[in-house]
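The values are calculated or read from the model by the stated rules, or taken from the named source; none is laboratory data. Since we're looking at a predicted model, the values are computed, not measured. Reconstructed Cβ throughout: ideal geometry from the backbone, glycine too, with neighbour counts over all protein chains shown.
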Amino acid sequence: MIRVETIISCFQEYTEGQVDCTPLQKAYIIVAKAQHHFSNTSLQLSLEIAQVLVDLKLDIQSVVSGLLYGTFREGKIDLDKVRDMMGKETALILENLYLIPQKNTAGEIKQQIAENMRHMIFATSKDIRILFVNLAVRIVYMRHYKKLLKSRSEGFAQETLAIYSPIAERLGLAHIKVELEDLSFSCLHPKEFKHISNFCQRMKISHDILLEKLHTDITELLENSQIVGNVAGRIKHHYSIFRKAKKDKVDYEYIHDLIGVRIITNSIGECYKVLGLMHETYQPVVERYKDYISYPKPNGYQSLHTMVFTQDGFGFELQIRTEKMHMIAERGVASHWEYKAHSKDILKDKQTAWLHDLTRSLNITSDPKESLEIFTRELYSDFVYVFTPSGKIIKLPRGASVIDFAYEVHTEIGAQCHSALINGRKCSIKTTLNHGDKVKVLTSEQQEPMTSWLLFATTTRALSHIRSFLCKKEQQEAEKLGKELFSELLLKLELKKGDFEDSTQWKEFLQKQQLKDQESYFRELGFGKANIKDLQFFITNVTPQKNKKTTKTKKLLSLPFKKKQIGEGVRIAGIENQMVHYANCCNPVKGDPVVGVFRRGKGVEIHWTNCVTIRSQSINPERLVEVEWVRERTEKFPVRIHLRFDDRIRTSFSIIKVLDQAKVVLLENNLRLLNNISHQDIKIKVDNVEQLGKILKRLNAVPQVEAHRQQDSHLEEG
């Protein structure tokens, strides 16, 4: 059982008695009183959260926030009282913690994980202490998930493994990362967890004997070389064993590096001496050697990693570092600042720069799937180190290209980059960089970011800037296209913009569309989100005196068939001067195989030969006539197209762009969303079936778009 006196004692020890503990005592009294009518469990959970934060040697506001968290979340103390009694900083931490969901509700797990992650990252960007307190809350909840979460534990564990464990690793909190992984693993895969536990128990005696022998042998080697060092051993944790076995596709017994040895020395020079000594004594695995001293991890972690085999063929992992490096390895980012440091100063630290990049990237997108991809890319990347012409080292994720390097140097250089000199050799911006490359970026003022760059950019910084530029450019192009569609409609209706744009009705129309100005409406029109038929209906009603011709045309278009004389489009075998109608049910286009059907009092209906209406009706063969297209036909034909695609703004814009480049008129545009998939039905006018084929080919070339011609106006559910 944890006692508040223990927490206060630990806090006073690392703060050396320089910080007043009164807020901690007050917070404990508040929590104890609030839980008076309940079981002792809630009080113990609050103390356990506070203990985790004290173990990390965090400041008074963080520890008090952790202690008050459960009481505040249950509504037993309000924010104003916290602010009055504990100060603004503690109130801010608790207020933002409250915005981060701790329990999964019904729904799709991955989408919830993405949304919860976004809440947490945005909250943390205000004060990194929110992240530490939230990690403490999470680890305590996971320790007691069977009592606290019950049926919701699986989703909670998935979220912990997907978000909290990698964040703990990025912060350098290895022990928290390990515990979160094992707790999540035991919840998600209880049988496998038990299997590994039994395996570790069976192997305990032999592992202990081996660790003892390694400790003795290595200590003797260090003494003989006059190196002062501390040697310690450990066994891989359960989840690490599970992943290793799965990755190598072997049984647990055949994992080579189940055992690890850590050697702590007094200096960096001694670290490399010990490395040489270990490689002389044991058989090294060259590809497993990693120098994190020369090239630290983003969280500041430094150590030499290597794997070696004994003469008996037993493999084990070695970590060699100094005492200072070990402190950073144990406490991570928290070790870079004292308990009295201000959180805003901590957020400026280079070890937390990734958080700024991640926040900026998440601001660009609201798509859950894309958010998780950004998060995973930022937190799981391995790194390469390359040089600028002046010798400055730039750290990039493994697989990064020239464009990533350019954006890392400067945003403007990235935007204007067209190629680079790598070790004196000219290369494209797609080129992948390797350790030690010297890179000089070549730029041009005429160059600007392109959509294709997203295919080979890998860093969050580069991707966010490229997306931001493309998004702005798309907005501009959409607005331009919307204005053109608007002007074309006015020209068709023989109107001028000034006839109604300053009217109250126009402003009301924009408000009804929930848009603040007409520029926003033009963008919606350009993206295909606003229906041009609504606009035409509005203009027709606002300016009736100028639209008699339009109204008449509208009535004609509402007829079931379009009436044309025989000489204007088709030739009917053996018949002259016959009235012709083009059926709306299949909208035949010039070049389609067609057939004519005699209709009493209406002349000849022209249908597509595989028209659903023709096939479903029992028609007297004597009423069917052969029809062929007249070559000099110049009128455009209406046709319906159904599109299915992911619900993304860029995809909608690409579709509109294809239609704009084809110079076709968009008559109808109906869009709906089903299970995160957009279904769009459009009606356009084309010259002939060849033009229609080209348009369909270009639409299907847009990533993740399926487009096909429709025979009727019914929406597909697909």
* Structure fact -> Within segment 146-170, restricting to residues that are under 24 Å from ILE93 (Cβ atoms) and touching a Phe, Trp or Tyr at 6+ places or on another chain (Cβ under 8 Å), the one that is surrounded by the most Cβ atoms within 10 Å (Cβ to Cβ) is ARG170
* Which ranges mark the strands (runs of 3 or more DSSP E) fully within segment 241-336 that have 2 or more residues being of a type in the set (S, T, N, Q)? -> 315-322
* To do: Would you tally the residues in segment 652-670 being at pLDDT below 75 and surrounded by fewer than 18 Cβ atoms within 10 Å (Cβ to Cβ)?
  => 1
* Has segment 219-231 got at least one residue that is under 30 Å from ASN134 (Cβ atoms) and either within 43 Å of the chain's Cα centre (by Cα) or outside the structural domain of LEU277 (by TED's automatic domain parsing) (or both)? -> no
* Could you say whether any residue in segment 67-78 is surrounded by 21 or more Cβ atoms within 10 Å (Cβ to Cβ) and outside any helix (DSSP H, G or I)? -> no
* Asked: Among the residues of segment 238-259, is any free of Cβ contacts under 8 Å to residues at least 12 places away in the same chain, in contact with a helix residue (DSSP H, G or I) (Cβ under 6 Å, 6 or more places away or on another chain) and of a type in the set (Gly, Ala, Ser)?
  -> yes
* Asked: Any residue in segment 117-125 that is free of Cβ contacts under 8 Å to residues at least 60 places away in the same chain, out of contact with any helix residue (DSSP H, G or I) (no Cβ under 8 Å at 6 or more places or on another chain) and assigned to a loop (DSSP other than H, G, I, E, B)?
  -> no
* Structure fact -> Checked segment 279-293 for anything surrounded by fewer than 17 Cβ atoms within 10 Å (Cβ to Cβ) and either in contact (Cβ under 8 Å) with a residue 12 or more places away in the chain or charged (D, E, K, R) (or both); matches are HIS279, GLU280, THR281, GLN283, VAL285, GLU287, ARG288, TYR289, LYS290, ASP291
* **Scan of segment 516-530 for residues that are part of a helix (DSSP H, G or I) and over 18 Å from ASP660 (Cβ atoms), ordered by number** => GLN518, GLU519, SER520
* Structure fact -> Residue set LYS507, LYS548, LYS552; condition basic (Lys, Arg), modelled with pLDDT of 75 or more and either on the phi < 0 side of the Ramachandran plot or not assigned by TED's automatic domain parsing to the domain that holds ASP681 (or both); output residue LYS507
* Structure fact -> Expected single match for assigned to a helix (DSSP H, G or I), more than 23 Å from MET327 (Cα to Cα), modelled with pLDDT under 85 and small (Gly, Ala, Ser) among SER151, SER184 is SER151
* **Condition check for LEU396: in contact with a Phe, Trp or Tyr (Cβ under 8 Å, 6 or more places away or on another chain), touching a residue at least 24 places away in the same chain (Cβ under 8 Å) and under 30 Å from LEU355 (Cβ atoms)** => yes
* Asked: Would segment 156-166 turn up any residue that is part of a helix (DSSP H, G or I) and touching a Cys at 6+ places or on another chain (Cβ under 6 Å)?
  -> yes
* Asked: Is it true that LEU94 is crowded, with 23+ Cβ neighbours inside 10 Å, in a helix (DSSP H, G or I) and over 29 Å from the mean Cα position of the chain (by Cα)?
  -> no
* **Elements of type strands (runs of 3 or more DSSP E) in segment 372-491, at least 3 residues being under 26 Å from LYS290 (Cβ atoms) and under 25 Å from the mean Cα position of the chain (by Cα)** => 393-397
* Asked: Which pairs have Cβ atoms under 6 Å, sit 6 or more apart or on different chains, and link a residue in segment 531-545 that is assigned to a helix (DSSP H, G or I) to one that is surrounded by 14 or more Cβ atoms within 10 Å (Cβ to Cβ) and modelled with pLDDT of 75 or more?
  -> PHE538/PHE509
* Is there a residue in segment 40-52 that is at pLDDT below 85, in contact with a helix residue (DSSP H, G or I) (Cβ under 7 Å, 6 or more places away or on another chain) and of a type in the set (Gly, Ala, Ser)? -> yes
* Qualifying residue in segment 244-263 (condition: buried (at least 17 other Cβ atoms within 10 Å of the Cβ), modelled with pLDDT under 90 and closer than 26 Å to LYS395 by Cβ) -> no
* Only residues in segment 677-696 that are more than 22 Å from GLU628 (Cβ to Cβ) count as the first member; pair them with residues that are modelled with pLDDT of 85 or more and surrounded by fewer than 17 Cβ atoms within 10 Å (Cβ to Cβ), Cβ under 9 angstrom, at least 6 apart or cross-chain, and list the lot. => ILE677/ARG644; SER678/ARG644; HIS679/ARG644; GLN680/ARG644; LEU696/HIS708
* Structure fact -> Checked against (1) modelled with pLDDT under 90; (2) buried (at least 19 other Cβ atoms within 10 Å of the Cβ), PRO296 satisfies every condition except (2)
* Asked: Pairs, please: C-beta under 9 Å, at least 6 apart or cross-chain, first residue basic (Lys, Arg) and in segment 312-326, second part of a strand (DSSP E or B)?
  -> ARG321/ARG262; ARG321/ILE263; ARG321/ILE264; ARG321/THR265; ARG321/LEU304
* To do: Within segment 419-461, count every residue that is under 17 Å from PRO389 (Cα atoms), out of contact with any Leu (no Cβ under 6 Å at 6 or more places or on another chain), touching a residue at least 24 places away in the same chain (Cβ under 8 Å) and of a type outside the set (Val, Ile, Thr).
  => 8
* To do: Return a yes/no flag: does segment 171-180 have any residue that is crowded, with 24+ Cβ neighbours inside 10 Å and either acidic (Asp, Glu) or assigned to a helix (DSSP H, G or I) (or both).
  => yes
* Does segment 674-687 contain at least one residue that is part of a loop (DSSP other than H, G, I, E, B) and at positive phi? -> yes
* Among the residues of segment 14-22, is any at pLDDT 90 or above and in a helix (DSSP H, G or I)? -> yes
